[in-house]
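The values are calculated or read from the model by the stated rules, or taken from the named source; none is laboratory data. Source: prediction; values computed, not measured. All Cβ positions, glycine included, derive from the backbone under ideal geometry; neighbour counts span all protein chains shown.
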Amino acid sequence: MKDDGPTGFDLARLLAERGAERYELHTRHLNHQLPRMLRTLGFDKVYERAEGAYFWDADGNDYLDMLAGFGVMGLGRHHPVVRKALHDVLDASLADLTRFDCQPLPGLLAERLLAHSPHLDRVFFGNSGTEAVETALKFARYATGRRRILYCTHAFHGLTTGSLSVNGESGFRDGFAPLLPDTEIALGDLDALRRELKRGDVAGLVVEPIQGKGVHAAPPGFLRAAQELLHRHKAVLIADEVQTGLGRTGDFYAYQHEEGVEPDLVCVAKALSGGYVPVGATLGKDWIFKRVYSSMDRVLVHSASFGSNAQAMAAGLAVLAVMEDEETVANARRTGDLLRERLAALVGRYELLHEVRGRGLMIGIEFGRPSSLKLRSRWTMLQAARKGLFAQMVVVPLLQRHRILTQVSGDHLEVIKLIPPLVIGEREVDRFVTAFSAVMDDAHDGGGLMWDFGRTLVKQAVANR
Ligand SMILES: Cc1ncc(COP(=O)(O)O)c(C=O)c1O
């Protein structure tokens, strides 16, 4: 096949000619609220280039990424080893996705992934976090022969219909009913779990060991006790490690923080992609897979057209190799401890700063009612308009003035969540803590631009009601 000469398609030229239309195109053809929201916050930047934990704009300004594409960029952007693996897999011209053969890469990735959870035996590869969860829900139901799944208040497991049925926020669920008849319990509520299990129709409990919304960890001992109860009632424990997995919390999986926890199904996605190729993986016990795929007739009973594709598998293998070579999990733990300690030391200094929590490089910074009269009236004004506006007031100057990208950890929450690439070190910790302190100094000043912006947010919130 001829591989030179004009093809009629030139990506570089297309980007050069039409890249500047990005916001307009989005407004016209995609979710128009995204550019609207970005413009409102002054987040409508044009980033030209990215590497590791940084982006750069056209003027060469660097931006520190403390969001990692919602956790997808575990190794940072454009890791050279992952990138090379992708070039290599394309150059290999593999006979991929024939669907009626067994390719080597999925088996190798499954083997390598399973080495991190020795109590599990098999893997199903899909294409996203929500698909990993859907798989776990289906497998739990089929293997136990029961219908009902339990999930936790404030849980987030993805937004397709099955995952939405185990979402613990009405904001996501409203208007999409009827969903699956699953049941919510509070994170850590063993009595509620016991009560629901007694009804005899529960297939399993799906849980994030540390919830993405608000960065709340399951109380110590809960996962272990829940596992025992579930097993006693012939139900399964599903750990959703889509966000917390692959080193994010300073262990390979967050459930490993607690001894004796051995979930029956584990959902993985995000960082396994290397930031390049969407992937989801559902790891599980042999008996569960053996029940789902119980006969040759059932070979395709659960499958996905793009599942196990060579690019995703190559990226995943490269990610796991890099994590070992660069000791990424240990770095996440060490750097996370440092960042949390430095932030926790500010709690006494700033009355609006109430708590710093989390594990590894998954950190929640919670704001709350100040003690002084001067700040309290301003705080009350914000709260009356909409909860979460103060956290927004912090996130905006962090980007505008200090070029650091962060996010508010969910609607109506006064919590900022930090989930930076796991490759950050002391330099990035210093930069973040210095910038955050400067923003908090401004906030405690009580006057100035920051509270002017707060008043603008209040007006918008009231107008949006
Ligand atoms: C814990 C958890 N589960 C599932 C998902 C869904 O993943 P995806 O967006 O790849 O469908 C997310 C995404 O943020 C998540 O944080």
Residue among Leu352, Leu317, Leu361 that alone is under 21 Å from the mean Cα position of the chain (by Cα) and not assigned by TED's automatic domain parsing to the domain that holds Val277: Leu361
Qualifying residue in segment 185-202 (condition: under 24 Å from the mean Cα position of the chain (by Cα), assigned to a strand (DSSP E or B) and among the aliphatic types (A, V, I, L, M)): yes
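Results for (1) among the aliphatic types (A, V, I, L, M); (2) touching a Gly at 6+ places or on another chain (Cβ under 9 Å); (3) within 16 Å of the ligand (Cβ to nearest atom), shown as yes or no for each residue.
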residue: Arg195; (1), (2), (3): no, no, no
residue: Glu208; (1), (2), (3): no, no, yes
residue: Val215; (1), (2), (3): yes, yes, yes
residue: Pro219; (1), (2), (3): no, yes, no
residue: Arg224; (1), (2), (3): no, yes, no
residue: Arg248; (1), (2), (3): no, yes, yes
residue: Gly260; (1), (2), (3): no, no, no
residue: Asp264; (1), (2), (3): no, yes, no
residue: Ala269; (1), (2), (3): yes, yes, yes
Filter pass, Arg147 being touching a strand residue (DSSP E or B) at 6+ places or on another chain (Cβ under 7 Å), surrounded by fewer than 22 Cβ atoms within 10 Å (Cβ to Cβ) and of a type outside the set (Val, Ile, Thr): yes
Strands (runs of 3 or more DSSP E) enclosed by segment 219-286 - at least 1 residues per element that are without any contact (Cβ under 8 Å) to a residue 40 or more places away in the chain: 236-240
Filter result for Thr335 (more than 19 Å from Thr434 (Cα to Cα) and not assigned by TED's automatic domain parsing to the domain that holds Lys138): no
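Yes/no per residue for (1) more than 16 Å from the ligand (Cβ to nearest atom); (2) surrounded by 22 or more Cβ atoms within 10 Å (Cβ to Cβ):
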site: Pro104; (1), (2): yes, no
site: His116; (1), (2): yes, no
site: Gly126; (1), (2): no, yes
site: Thr135; (1), (2): no, yes
site: Thr153; (1), (2): no, no
site: Phe156; (1), (2): no, yes
site: Leu159; (1), (2): no, no
site: Phe176; (1), (2): no, no
Pair list, Cβ under 6 Å, 6 or more apart: segment 133-154 residue within 17 Å of Leu120 (Cα to Cα), other residue part of a helix (DSSP H, G or I) and among the basic types (Lys, Arg): Ala143/Arg291
Members of segment 94-112 that are of a type outside the set (D, E, K, R) and on the phi > 0 side of the Ramachandran plot: Leu97
Of all residues in segment 226-243 being among the β-branched types (Val, Ile, Thr) and within 16 Å of the ligand (Cβ to nearest atom), the one that is nearest to the chain's Cα centre (by Cα): Val242
Single condition Arg141 does not satisfy, out of (1) of a type in the set (Lys, Arg); (2) within 16 Å of the ligand (Cβ to nearest atom); (3) buried (at least 17 other Cβ atoms within 10 Å of the Cβ): (2)
Wholly enclosed helices (runs of 4 or more DSSP H) of segment 3-116 bearing at least 2 residues in contact (Cβ under 8 Å) with a residue 60 or more places away in the chain and closer than 20 Å to Lys270 by Cα: 68-71, 80-91, 104-114
Looking only at segment 67-83, and only at residues there that are of a type outside the set (Phe, Trp, Tyr) and within 16 Å of the ligand (Cβ to nearest atom), the one that is farthest from Ala312 (Cα to Cα): Leu67
